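Please read the structure below before turning to the comments.
The values are calculated or read from the model by the stated rules, or taken from the named source; none is laboratory data. Only a predicted model underlies this, so the values are computations on that prediction, with no experimental measurement involved. Quick reminder, even Gly has a Cβ in these numbers, built from the backbone with ideal geometry, and neighbours come from all protein chains shown.
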Ligand code: NAD
């Protein structure tokens, strides 16, 4: 059976399970007036959410965390029903959300504390300098379909911990998990500062029209439109976009580990991961051995969607359109001379596409030049490290990469030459599980970062500078009009003394 794409009947979206075509649920399509009304309501309650501070927010977020863990089987089931994921893939998402709440709610007090920068010259030592972090009142959050829950762990959780109210627009393909999470938020009796806007791109546009800050995760093409819309409104935004992540296998690598790790990094979630391995560059001396081992591993990946238990490694593609992109890339590669070593076609059931390894691949092929977002691993033989780095950097994208080597110092040296926002040495996808590290795409893979410790909360805040006198004040300051001219000349001389270096401080020294 072919899975059906969600279609608008003008009032609701009917969501289907792409693994078997069954109806999974429906959500309303929120028009501009509905979205604006939701944003207005969020604005009413956000000041209180900000006022209770990180400790008060932690109490509510921990209750929500308990609700998520208590309902993790139910959430996993809903997620599977809308995305076609296997239980193995889907069950990781609720626990990722709980983990994120621990980190962001647990550290928010420290991360959001006032900062007291040192005065940069002695002239300002008489002042108390304070940087205050205050959240954007309403953060609009627009999400893709590949991780309907885990993506919220990365972005929604820190925004809430920062004290913002969030208007969340899940993907039209997979809105049901977000419905459940917001139901949980309401069920625990938390303040009404989290609302959903469901619908297609127009609903996303309405979210932008009503937000003070927009965080977008999705394709580069849509990200560009979001950036333009935010620029029109002069509101800040961050974009987490597409990728085409390279894996570089050097001749000194543990080839078994490289094959195991790259198979997982390419097939996890059926390859529908922004940071999944999409290009593999292997040094010539180990190419044959690596390709043989990778093919064995990928051939053994179990694909399907189970009713119970954890039988399958990966599931279906989220939409027929996504499956068709994967099929086109494989067909075009084969037509241009690549070899399919395993997989290579849709299974004919739902939107499943066989786990695939392609060899004899050339950089000009679409499977290397475009984002595939599916279970394919195209492998290219390279002469040496230099060629691997050059080809890895030859991309419009710059999300992340992996380097496989027996020498981690060499791995780091290679990492520092790659034009990407993250590099995992002898591992795949690892950085995304570390909220203390920044995650952001370079080049056309994004603008801004998520995570990165305190920076992950600060991005959802406006920064306010406050100065106050440390000492009792006089009637006038030296530069004010109310002070004698002589005093302002003295003030200028003092400023010059601290602004220069050496004899120039006193108007002396070499000129020219
Ligand atoms: P998409 O760009 O098609 O849609 C993303 C969201 O944008 C959806 O909710 C959609 O309704 C909304 N949207 C569409 N048009 C809009 C508009 N004009 N204004 C506002 N919102 C609009 O992306 P997708 O197909 O759902 O997701 C897959 C893409 O996401 C891939 O390219 C993948 O690499 C990327 N992705 C990136 C990351 C990352 O962290 N860098 C993570 C996950 C996915």
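Key figures
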item	result
Test for residue 10: is it at pLDDT below 95, surrounded by fewer than 18 Cβ atoms within 10 Å (Cβ to Cβ) and outside any strand (DSSP E or B)	yes
Count of residues meeting criterion [assigned to a loop (DSSP other than H, G, I, E, B) and more than 9 Å from the ligand (Cβ to nearest atom)] in the range 184-207	8
Tally, over the range 248-272, of residues that are surrounded by 24 or more Cβ atoms within 10 Å (Cβ to Cβ) and part of a loop (DSSP other than H, G, I, E, B)	1
Some residue of the range 428-435 being touching a residue at least 24 places away in the same chain (Cβ under 8 Å) and more than 30 Å from residue 98 (Cα to Cα)	no
Residue in the range 258-280 that is more than 16 Å from the ligand (Cβ to nearest atom), more than 27 Å from the chain's Cα centre (by Cα) and modelled with pLDDT of 95 or more present	no
Matching entry among 335, 359, 321 (being in contact (Cβ under 8 Å) with a residue 60 or more places away in the chain, over 26 Å from the mean Cα position of the chain (by Cα) and surrounded by fewer than 24 Cβ atoms within 10 Å (Cβ to Cβ))	359
Long-range neighbours under 7 Å by Cβ, at least six apart or interchain, first residue under 20 Å from residue 52 (Cα atoms) within the range 186-205, second within 7 Å of the ligand (Cβ to nearest atom) and in a loop (DSSP other than H, G, I, E, B)	none
The range 208-227: number of residues that are under 23 Å from residue 34 (Cα atoms) and either near the ligand (Cβ under 9 Å from one of its atoms) or not in a helix (DSSP H, G or I) (or both)	11
Candidates 176, 167, 181, 239 - the one that is more than 13 Å from the ligand (Cβ to nearest atom), in contact (Cβ under 8 Å) with a residue 40 or more places away in the chain and crowded, with 24+ Cβ neighbours inside 10 Å	181
Condition met for residue 145 (touching a residue at least 60 places away in the same chain (Cβ under 8 Å), assigned to a loop (DSSP other than H, G, I, E, B) and either farther than 22 Å from residue 243 by Cβ or within 16 Å of the ligand (Cβ to nearest atom) (or both))	yes
